[in-house]
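FYI, it's all coordinate maths here, none of it is from the lab. Fair warning: this is a prediction, and the values are worked out from it, not measured in the lab. Quick reminder, even Gly has a Cβ in these numbers, built from the backbone with ideal geometry, and neighbours come from all protein chains shown.
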Amino acid sequence: MPFHYAVTDTTITLYWEKPEELSGEICYEIYVEGVFSAKRSKTHFTLENLAPDKEYEVEIYAKPVDAASDKKTDEEMADSVKKEAPESTPGNGSEASDSLHASCRIRTAKRRRRLDITKAPYFAAGDGKTLNTRAIQKALEDCGENAAVYVPAGVFLTGALRLNSNTELYLEEGAVIQGTTNPADYLPRIPSRFEGLEMECYSSLLNMGRLDHTKEPDCENILIHGKGTIASGGRALAEAVISAEKERLTDFLAGLSEEQKKEYEKPETIPGRVRPRLINISNCKNVRISGLALENGASWNVHMIYSKGILTDNCTFFSKDVWNGDGWDPDSSENCTIFGCVFRTGDDSIAIKSGKNPEGNVIGRPCRGIRIFDCVCEAGHGITIGSEMSGGVSDVKIWDCDLSGGCYGLEVKGTKKRGGYVRDVQVRDSVLPRILFHAVDYNDDGIGAEKPPVFESCRFENVRVLGRYVDRDSGEVKDCAGIELRGFDEPGHEIRDVLFKNVRLSGGQGQACGIVMENCEDVRFEDVRVEEDGII
């Protein structure tokens, strides 16, 4: 059972995949230097108050929960650590015979010199009124491998900022990096990608790397963390950008036929594509965003494109009043992980993408190796794959997530023109309003691929499907089909090889809480139980 880790100067955050070798409930025991540290049910844990630049031996034991003493919440486990802690690791036969074990020696980061943005030579003002773009950018430029930019409590108004390799940015509790609502503060435009199309967009509030689909990442090792907030101009900024872009595109928009206009989601779609994100990560690797509130991007909040090894943990996302207000969007990126996050978004909590026809088919850079666990959707759509998936999406694993506050739950979508594929998606030990595999008809501009998409090889195990969702417009709870699988009506492009195992399906009465299938092949159901009013 291998595990991964991320470090600061005083913490080590451990995270690992839920072992498939163990079934049912699992508990994890963590040891540091041979001494018991914690017992957890979740697949991540942070060791705190460590010494900088010091090596620690960390071990994790995983075992099935088979005793009442193991059936505790993480909080209860934390409270009982001192009572239960043995003096050393269970290395003398005391571990369960079916337990799994992993160990690693991990060194914390060196302590960096603090660059306080309110001190000389920067003198940023946290009054919520002073524009601090130059001051904060100067601190970021001064930040090398041995320094960290420090943001104390206060509201620091700013325009677009750029981070370079080896930057560390820390926000203290009560600190807010607040983007303005003025589009001019997000210039110059930069190469970017929105809804599957490469184009020049306004700079985001925080920007890393430079977009180039022909190159590997060349910006790396960035840490953005703390206890503060990164917020942008939200709906007001979005509307200002769309208004300015409409004026710039007057002739183009006027030249569209009524039939062409129907290909777009709404009249604002084309001018809205240049809106800035909250955080833009292009051609980067080894970027971590941790512990922060991420709020009110003018469109998507965290968007990673052609990037690798992006980690987001223990953050909250808020963008309820923002059109296209996605939370976390890996786009033609690899080995990206998110856990311990809460979403209250105006669109998808998480959206996995890989480009749009025809450009996405030609570029052909897939999104793969995506891991999502211990996340909660309190408002928004839930987790989506597509609709821009022309470059392909594969190897997505989701576990221990509660998406019950969302509109869709898990949605795999594309248009018939997209091409590409979605395969090898696994969802385990989670709660979802519903599961949707289907075609959509919006944002369908562009030349179609030669063949429709392929949706295949997906697995759902030990999940509860509520058969009801929160309507995004009215906020009302409505009944729906719990599982809806609608493949493409061309031979060879049916939804195929999908397994539902140990699934509890509930919701309203009758057909509304059932299963709808069209154009499917090799869909298997094992131990699927239907509940009425929450009772099996």
*Which of the peptides 15-25, 432-442, 237-247 is most tightly packed, and how do the rest follow, going by the mean number of other Cβ atoms within 10 Å of each residue?*
432-442, 237-247, 15-25
*State the extension gain, in nm to one decimal, for the chain segment bounded by residue 499 and residue 197, taking 0.36 nm per residue of separation less the distance between their alpha-carbons.*
105.4 nm
*asked:* Given all pairs of different Cα atoms, what value in angstroms does the Kirkwood hydrodynamic radius of the stretch 377-473 take?
replied: 13.9
*Could you list the square roots of 5 times each eigenvalue of the Cα gyration tensor of the stretch 279-384, that is, the equivalent ellipsoid semi-axes, sorted largest first and rounded to whole Å?*
21, 16, 11
*Distance in nm between label sites at residue 37 and residue 215, each 7 Å beyond Cα in the beta-carbon direction?*
3.8
_Full-stretch length increase - residue 65, residue 450 - with 0.36 nm per residue and alpha-carbon distance subtracted_ = 133.6 nm
_Rounded to the nearest 20 debye, dipole of the stretch 357-423 from Cβ charges on Lys, Arg, Asp, Glu_ = 480
*Consider just the alpha-carbon atoms of the stretch 131-206 and return their Rg together with their Dmax, both in angstrom.*
13.6, 38
*Please report the base-10 log of the normalised intensity I(q)/I(0) for the stretch 217-307, using a Debye sum with one equal scatterer per alpha carbon and no solvent, at each q in 0.10, 0.14, 0.22 (1/Å).*
-0.38, -0.65, -1.05
_Answer label, with Kirkwood radius over Cα pairs in Å calculated from the coordinates and candidates [x] 23.6; [y] 25.5; [z] 24.3_ = [z]
*Translational D (Stokes-Einstein, µm²/s) of the stretch 325-429 at 37 °C and 0.692 mPa s when Rh comes from the Kirkwood sum over C-alpha pairs?*
246
_With an 8 Å Cα cut-off and a minimum separation of 6 or more residues, compute the relative contact order for the chain in percent._
7
*Dipole magnitude of the stretch 117-201, debye to nearest 20 (Cβ charges: Lys/Arg +1, Asp/Glu -1, about Cα centre)*: 280
*Just grab the label-to-label distance for residue 521 and residue 51, each label 7 Å out from Cα along the Cβ direction, in nm (one decimal).*
6.3
*Theoretical ellipticity at 222 nm over the chain - DSSP helices of four or more residues, -39500 (n - 2.57) apiece, nearest 500*: -2500 deg cm²/dmol
_Residue (of 299, 28, 15) at the positive-pole extreme of the chain, dipole from beta-carbon charges_ = 299
*Expressed as cubic angstrom per residue, what is the convex hull volume of the alpha carbon set of the stretch 334-387?*
66
*asked:* How large is the Rg to Rh ratio of the stretch 244-297 when both quantities use alpha carbon positions and Rh follows Kirkwood?
replied: 1.16
*Lys, Arg +1 and Asp, Glu -1 on Cβ, resulting dipole of the chain about Cα centre, debye, nearest 20*: 1400
*Report the one residue of 375, 437, 410 whose Cα lies farthest in the direction of the positive end of the charge dipole of the stretch 354-483 (charges on C-beta: Lys and Arg +1, Asp and Glu -1; origin at the Cα centre).*
437
*Within the chain, what percent of beta bridges assigned by DSSP are antiparallel, to the nearest 5?*
25
*For labels at residue 489 and residue 123 in the simple 7 Å Cα→Cβ model, what's the distance in nm?*
7.0
